[in-house]
1. If you rank Leu44, Leu12 by how much accessible surface each has, with a 1.4 Å probe, what is the order from largest down?
2. What figure, in Å² to the nearest 10, do you get for the accessible area of Glu165 with a 1.4 Å probe and non-protein molecules left out?
3. Any idea what the relative contact order of segment 160-292 is, in percent, if you count C-alpha pairs under 8 Å spaced at least 6 apart?
4. Using alpha-carbon positions, what is the distance between the centroids of segment 55-92 and segment 192-219, in Å?
5. Quick one: which of 333-346, 73-86 comes out on top by average Cβ neighbours within 10 Å, and what's the full order, highest first?
6. Tell me, what is the FRET efficiency for Leu286 and Arg88 to the nearest 0.05, using R0 = 45 angstrom and their Cβ-Cβ distance as r?
Amino acid sequence: MSEERTPAAQALSSWREEKQSAFLYRVVEAAERGTPREALFAGLAEAAEAQADVWAAIAAKAGAPPGRFTPSMRARVVAALVRAVGPRAMRPVLAAMKVRGVSVYGAGVPSTAHHAVPDSVDELRSHHGTRGGGNLRAAVFGVNDGLVSNATLILGVAGAATSHETVLLAGLAGLLAGALSMAAGEYVSVRSQREMYEYQIGLERAELAQYPDDEAAELALIYRTRGLPEAEAKRMAQQIVADPERALLVLAREELGVDPEDLGSPWGAAVSSFVSFALGGAVPVLPFLAGAGPFALPASIGLTALSLFGVGAALSLFTGRGAIRGGLRMLGVGGGAGVVAYLIGNAVGAGLA
């Protein structure tokens, strides 16, 4: 068995994790001085220090007592950023550093006694919603990216007064390269995020088995911050932790801001990005692909303009603004980019002639 897999090494690793969490909790506690969240992070810091003591005892029993703790460089940088811009702005980074309780900074999280606090696992689940709307929004933006980037490429090449075949080849190459780039980037992004979440959930599972009472106390602290009376918060947390599987779901959502049942599929994200970008990128290419001759460029501009307006109108579903206003704004932005690309291409073409 390698050194990293020995009980002593595992205990030391968990000790360092808890000590680092306690360090960051203290930083967030100081940043929240005078707010209801101060007590939450103070309590989480105390719990993390107690859990670190448990792992220190296990490591010492295994013959490897921990020495003096020093925060990692990454933790010190994160601490400096929290002090500079505040914990709310650093929520994603704090979550990645396994700082629990950051779900209190989420949108729509009740923070006073005047808001209803869920009293069951099913109600807790409903507060987090679904990813359906986010997926639709991402698809619309993917279409827009493909549309704008490939249209500007085609207009730039056309501005250089090149042949119909050259413009078509450039459009097809831009469509394929852009779609593949988007797919690869999305795969890496979602894969990395999923691995991070799986690691955090694995740690949460181990800690739930090691000290369930402490986990219940941490969960109760979060509910108290949201306005639940202390006795009710403790009762609810104990009830949840009594069922380990359901407790893991709730702890991941409430402490880490992660939904274990919805971590995202890297391949699904890659395919979705490829398809949405390709759909948008195909629009300005279609007239050239259809062999429209001298009418290909005007037809491409017309189709692109119509599509830009449609995408802008569709985005109004997410912004709450008027569809016509959103469509005209997108048409103005995309059209401006196309004009600039055409003029640059024309200047380059004239210079090379």
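The values are calculated or read from the model by the stated rules, or taken from the named source; none is laboratory data. Here the structure is a predicted model, which is why all the values come from computation and not from measurement. Don't worry about glycine lacking a Cβ; one is built from the backbone with ideal geometry, like all the others, and counts go over all protein chains shown. When the accessible area is computed, the model is the full protein with side chains, heavy atoms only, and any ligands, DNA or RNA have been set aside. Shrake-Rupley method; radii C 1.70, N 1.55, O 1.52, S 1.80 Å.
1. Values: Leu44 0, Leu12 35 Å².
Descending accessible area places them as Leu12, Leu44.
2. 120 Å²
3. Working: 105 pairs, mean separation 59.7, N = 133.
Once divided by the residue count of segment 160-292, the mean separation gives 45 percent.
4. 16 Å
5. Numbers: 333-346: 17.2, 73-86: 14.6.
Output ranking for 333-346, 73-86: 333-346, 73-86.
6. Details: r = 46 Å, r/R0 = 1.01.
After rounding to 0.05, the efficiency reads 0.50.
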